[in-house]
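For reference, the structure discussed in these notes is given below.
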Amino acid sequence: MKRFIIWAVLTISTLVFEGCAVFVPTAVLKSVKTPMNVTVKYEDAQITPVKNETLIGHNAYEDDYIKITWSVGEDRFYFNIVNKTDFSIIIQWDRIVYINEDHVAERVIHGGIPFSEKDYAQMETVVPSKATLSSNLIPKYNITHDSDNRWFAYRLFGQWPTQEKANASGIVGQTVNIVFPIIIQDVTHEYTFEFILNGVINLAE
């Protein structure tokens, strides 16, 4: 009898939870800032916003050196990067920075790193010439654990029970940035990807 009661409570709780509306923001790539010439040291390079017409759709960017496609998930940024050069490029994970909508800079961890190791140093990754790397980025401060030491990540931009409350929060129209350094021929250069929170969706639908 006790087992049946527990099962019934869990089932009802699940149905109630699944029936609840959860509104979260959506995000698309708005702009990119990058050095004009990657063979010049970053501090000597001219930094310029990329014109919108050089973006591919809403979530991709391409130049002579890389092609990168972004997908913004509930709790992380997914990306696929292609090394278009004739040289290996190096991604320095510990130098990638997420700047949230409150302009707070945060460390990130990449896909494959256990949440429990969010404070550990991350080895850099080499992407050979013409090769592709797929991974994701999760802000460190979104990662936590419960009393049973089960690790999880909060949603990137929060959540609201109604669309009206989400709109009233002012979250739509806010921007976030990812500063993404790569090394090309022993020179470090920074790409800054700006995303705009362009609406909200109901996850329950």
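Where a number appears in this text, it was derived from the coordinates with a stated rule and is not lab data. Quick caveat, the model's predicted, so the values are computed rather than measured. Cβ placement follows ideal geometry from the backbone for every residue including glycine, while neighbour counts extend to all protein chains displayed.
Summary table
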quantity: Among the listed pairs LYS30/LYS84; LYS30/LYS130; LYS118/LYS165; LYS33/LYS140, those beyond 28 Å (Cα-Cα); calculated: LYS118/LYS165
quantity: Estimated FRET transfer efficiency (ASP64, ALA21; beta-carbon r; R0 35 Å; 0.05); calculated: 0.15
quantity: For region 23-202, size of Cβ-based charge dipole, Lys and Arg +1, Asp and Glu -1, in debye; calculated: 260
quantity: With 10 Å bins from 0: P(r) over region 23-202, alpha-carbon pairs, percent; calculated: 9, 35, 36, 16, 4, 0
quantity: Spacing of the two label points (7 Å from each Cα toward its C-beta) at VAL104 and ASP146, in nm; calculated: 2.3
quantity: Relative contact order of region 23-202, defined on C-alpha pairs under 8 angstrom at six or more residues apart (%); calculated: 32
quantity: Positive dipole terminus of region 23-202, leading residue within ILE91, ILE81, ILE178 (C-beta point charges); calculated: ILE81
